[in-house]
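One structure below.
The values are calculated or read from the model by the stated rules, or taken from the named source; none is laboratory data. All figures in this text were calculated on a predicted structure; none of them were measured in a lab. Here the Cβ positions follow ideal geometry from the backbone for every residue, glycine too, while neighbour counts run over all protein chains shown. Just so you know, the surface numbers come from the protein's heavy atoms only, side chains and all, with ligands and any DNA or RNA stripped out. Shrake-Rupley method; radii C 1.70, N 1.55, O 1.52, S 1.80 Å.
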Amino acid sequence: MIRKIVNGVYNVGAIHWERTLFDEIVPLPQGTSYNAYLVKGEKKTALIDTVEPEKLEQLLNNLEELEVDKIDYIVSNHAEQDHSGSIPDLLKIYPNARVVTNEKCKSFEMDLLHLSEDKFMTVKEGDTLGLGGKTLKFLMTPWVHWPETMTTFLMEDKIAFTCDFFGSHAATTHTFAEQYDRIYHEAKRYYAEIMMPFRQIITRNIEKIEKLNPEIIAPSHGPAYREPGFIINAYRDWISEKTKNEVLILYVSMHGSTKKMVDALVDYLGKYRVEVKVRDLITADLGEIAIDMVDVTTIIIATPTILAGPHPNAVYAAYLANALKPKAKVIGIMGSYGWGGRTVDILKSNLGSLRVELLEPLLIKGLPREEDYEKIREFAKKIAEKHRKLGVMK
Ligand code: FEO
């Protein structure tokens, strides 16, 4: 299915309705798309990014429908295979095409795709490539989300092709974002899962894109944006240091004791006017947990002690928080145990990259007793005080 962006620019990529998992870790409840953009100049034709090899046929059908008999340049903004993986096959069909990318991306693609060096034309920050009436400008936007990522800007039409940056995993026939509520959620999910670890560096890239004053932002997943301010402002909010008066409780409970602690904590936090989100780590969607992490102030990991330590899903949650590096300011560990174990040490050792304040852990023996509920109330009070001190509670 061809989706026209403006005259001479088409999304000829593929929609992957049935894909449920990305990178063998990221759930895709809405599927995804791999947007590849054909830019037809008066003299030359460029294809910006390609598609996951499994969906190459859709791309080839679209090129055939547009009667594309030659491609002069395949611009590769990012070496990850969902965008670069079809380059080797395309080079067989269009043997005279040159792969246009930066040095780092070239070296990645020589390793990942076994492309030979003579297939490439490398570009640097600010270089331009004229196609005849359409000029591509290349801007290095590293770490969104690999070190080699770049953005291609079509100067005459003011379109920024940002690849993963500003993308969303959404299989849709909509060329442009229309259902803003829904796309906000998907874009936030994408940010949380893919971009959040690079929050600091993204600031510089946003500024670079803003300076271009684009009229359209065309990422390589999900719909394009005719109102770039929508997605740019959303990113500005997500990457800012601002957090909400919210606690995210990620818990596992084997026989109900830890769950009773969680329920009590939710009640007490409510009494202290702190909002709460609760996720059961056995059933929760990983992407939803990542979204929750974007702007909460406090994360609590609650676990029973099993096999002399935390439940493996609680370790996974700690590892995930550590890797995603959310802007949360406070972390707490709580749970119920039977006869000891290394729950706190093991969880702490998985949280080492976070610049957060760790609350005094709250572990209780067995089913909570009257005096334990008082400890939970104190725990909630401490969290509320932190929120007040941090200025997130009005
Ligand atoms: Fe959509 Fe990093 O690949």
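Listed values, structure above:
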{"item": "Criterion (crowded, with 16+ Cβ neighbours inside 10 Å, assigned to a helix (DSSP H, G or I) and not charged (D, E, K, R)) met by exactly one of 56, 115", "result": "56"}
{"item": "Residues being out of contact with any Lys or Arg (no Cβ under 7 Å at 6 or more places or on another chain) and assigned to a strand (DSSP E or B) - total across the stretch 1-41", "result": "14"}
{"item": "Out of 202, 216, sole residue that is open to solvent by less than 20 Å² (accessible area, probe 1.4 Å), touching a strand residue (DSSP E or B) at 6+ places or on another chain (Cβ under 6 Å) and over 24 Å from residue 17 (Cβ atoms)", "result": "216"}
{"item": "Enumeration of residues in the stretch 20-60 that are touching a residue at least 24 places away in the same chain (Cβ under 8 Å) and within 12 Å of the ligand (Cβ to nearest atom)", "result": "22, 26, 28, 32, 33, 34, 35, 36, 49, 50, 51, 52"}
{"item": "Scope the stretch 62-96; condition in a loop (DSSP other than H, G, I, E, B) and within 16 Å of the ligand (Cβ to nearest atom); matching residues", "result": "76, 77, 78, 79, 80, 85, 86"}
{"item": "Pairs where the first residue, in the stretch 225-241, is among the basic types (Lys, Arg) and the second is assigned to a helix (DSSP H, G or I), C-beta under 9 Å, 6+ apart", "result": "236/203; 236/206"}
{"item": "Condition broken by residue 159, with the remaining ones in (1) touching a residue at least 24 places away in the same chain (Cβ under 8 Å); (2) away from the ligand (no atom under 16 Å from the Cβ); (3) under 16 Å from residue 28 (Cα atoms) satisfied", "result": "(3)"}
